[in-house]
Each structure stands twice: as structure tokens, then as C-alpha cells.
Amino acid sequence: MDIKQSIRRNFARRAGSYDRHAEVQRLMARGLMERVQEELPRARRLLEIGCGTGYLTDLLRRHNPQAEVVALDLDAALIEQARRRLGPDPKVSWLVADGESFSRGCFDLIISNATFQWFTHPRETLRAHFQALGPGGCLAFSTLGPQTFRELDASWRQAAAALRLQEVAEIPARGFLTLQDWEKLLDLAGFSQVQLAQQILEAHFPSVPDFLQALKATGATNPRPRAFSPRLFAALIQSYEARFRQNGSIPVTYEVIWALARK
Ligand SMILES: C[S@@+](CC[C@H](N)C(=O)[O-])C[C@H]1O[C@@H](n2cnc3c(N)ncnc32)[C@H](O)[C@@H]1O
């Protein structure tokens, strides 16, 4: 299965449980709303990429009920859920599409929450988004950086080393782009007035399996899953607990990056 299909399937399978576990993504969406408080009321044509179950779409509609919104996602089940959240709304067009190859239309604001980290060719995609904006238009997004799940990454490596495994795949978050990478790509795509911000958040879970289950329930799991043995899994949990448990819980780092850029 190709990587896009795998990302789509991971999220689609968890359409029903996503909202219960997407606290960090909601926080990212609210941060994004703060950053577009000047641009949003002025926008008449809006494109949202990776709308998922529609949390941000709903906020966008409430803050600018006049705008025409195109909200797209890779998967139909998520679009269906978002459509139900908002109810009938003639100003919103729902679309099952890949936000990396969608270049129709002319928008005042292209916005996306917690989705860009899944892009497979961000350089070309930012160029396409630049093209799809009208003069003075804005691209605004939140994404996750490579420090996300740093405890999981460290424990995974330690567990593999303890079991003398030669080759274990990196966790996907290790490959997420840094703030500096996004800055460079936005610049290369032609954007100006680029503003970036980063925040390190720490979530807490009662145990490592609780964290992994919550992660699974949001669909944000490895699109290139590898079978791994119960021994490695047990070693991972043991290493995570031993290195990071504090005051009765285990910490989970999220590196959040927000970007606002103008054409
Ligand atoms: C973490 S969820 C965020 C959903 C929503 N924006 C929110 O804030 O709750 C990521 C979403 O991006 C979608 N997605 C991932 N890659 C995409 C792409 N290339 N084009 C469109 N949607 C994509 C997934 O299907 C999923 O619904």
C-alpha cells in the first residue's frame, strides 16, 4: 500500500475515536485561530487542508460566517464526520482530496491544523499553495516538529540496543520537518512576511500503554508499520518507564510549530 493510502487508512479507521483523544490538536487549532485573527475576518475564499472531523472548520465558520469554505481531507469517513459536526451549510464545500495535489481555485486564506507533518513532498506543495493564493493571500498552518515523542524515540532506541537489534526503523516523528526547514521551504516557495513560532508541550499519561492506545485512537500511528516482537515491545515499555516516569505518570513531548506566511 502506498504511503498516502496508509496515512488515509490510519486516520479513517479512527474517525470515531479521534475527538476523544485530540486534546493537543485542539490546542494547536486554537493557537492557529489566534494567529489568523487579523486575516480570517477579511478572507472571502478559504481553503482548509486536512479538516479531519471538522474541529477547526467549525471555529472558522463561527469566526467568519460570510466566507466560502472549501474543506478537504484524504478520507471520506472524516469528511462525513465533519459535515455532521457543522450541519447543513451552503457556504462549505466538502471534498475528498489530497491537499498536496489540490491546486484548483484562488483563495485568500489557506489554513491547516496538525496535518502538514504528514506531507510527502512539502516543497512542491508549498509552491502549489502559493499559486493557489490570490495577491496578498495568506497560508497559515500548525504542524508537529521532530522533537515530538522524543521520549518514545529514546526508549525505542534503548530497547533495540538492549536486545542487540541491528536495524530498527525510526519513529515517524523523527522525520518531521524542523521550524528552520519550514522557514526555508516557505521562502523557496516565494512567501514573504513569514512568521514562525514553536512551543514544547508536555502531556501526561498514567502509563506507556495508555499513551500508545490514545495515540492509536487519533490515527496518528506509523504509516509504515513494521511487525515487532512482544520482547521488543516489553523492552520499550520498560525503558520508557525507567527513564521518564515521574510523579505517577509518564511525560509525552509535543513540539508544536505554527506558521503564517503571505503571498
Ligand atoms: C491530526 S488530523 C487533524 C485533523 C483536523 N485538522 C483537526 O485539527 O482536528 C490530520 C488530518 O489530516 C488528514 N491528511 C493527512 N494528509 C493529508 C493530505 N495530504 N491531504 C488532505 N488531508 C490529509 C488526515 O486524513 C487527518 O484527517
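The values are calculated or read from the model by the stated rules, or taken from the named source; none is laboratory data. Note that the coordinates shown come from a computational prediction; the quantities given were computed from them, not determined experimentally. Please note: Cβ atoms are built from the backbone with ideal geometry, for glycine as well, and neighbour counts cover all protein chains shown.
Some points to look at:
- Residue that is surrounded by the fewest Cβ atoms within 10 Å (Cβ to Cβ), among those in region 203-241 that are assigned to a loop (DSSP other than H, G, I, E, B) and among the charged types (D, E, K, R): R226
- Boolean, A160 is crowded, with 19+ Cβ neighbours inside 10 Å, at pLDDT below 95 and small (G, A, S): yes
- Being over 20 Å from V256 (Cα atoms), in contact (Cβ under 8 Å) with a residue 12 or more places away in the chain, away from the ligand (no atom under 12 Å from the Cβ) and in contact with a strand residue (DSSP E or B) (Cβ under 8 Å, 6 or more places away or on another chain) holds for only one residue in L95, L109, and it is L109.
- Checked against the criteria, L46 counts as surrounded by 21 or more Cβ atoms within 10 Å (Cβ to Cβ), more than 30 Å from F149 (Cα to Cα), over 14 Å from the mean Cα position of the chain (by Cα) and within 14 Å of the ligand (Cβ to nearest atom).
- Tally, over region 31-43, of residues that are in a helix (DSSP H, G or I) and either more than 15 Å from the ligand (Cβ to nearest atom) or among the small types (G, A, S) (or both): 5
- Top-ranked residue in region 13-30 [being surrounded by fewer than 17 Cβ atoms within 10 Å (Cβ to Cβ) and within 11 Å of the ligand (Cβ to nearest atom); ranked as farthest from N222 (Cα to Cα)]: R30
- Condition check for A161 on (1) of a type in the set (A, V, I, L, M, F, W, C); (2) more than 29 Å from R231 (Cα to Cα); (3) free of Cβ contacts under 8 Å to residues at least 12 places away in the same chain: one failure, at (2).
- Filtering region 49-75 to residues that are exposed (fewer than 15 other Cβ atoms within 10 Å of the Cβ) and either within 13 Å of the ligand (Cβ to nearest atom) or outside any loop (DSSP other than H, G, I, E, B) (or both) leaves R62, H63.
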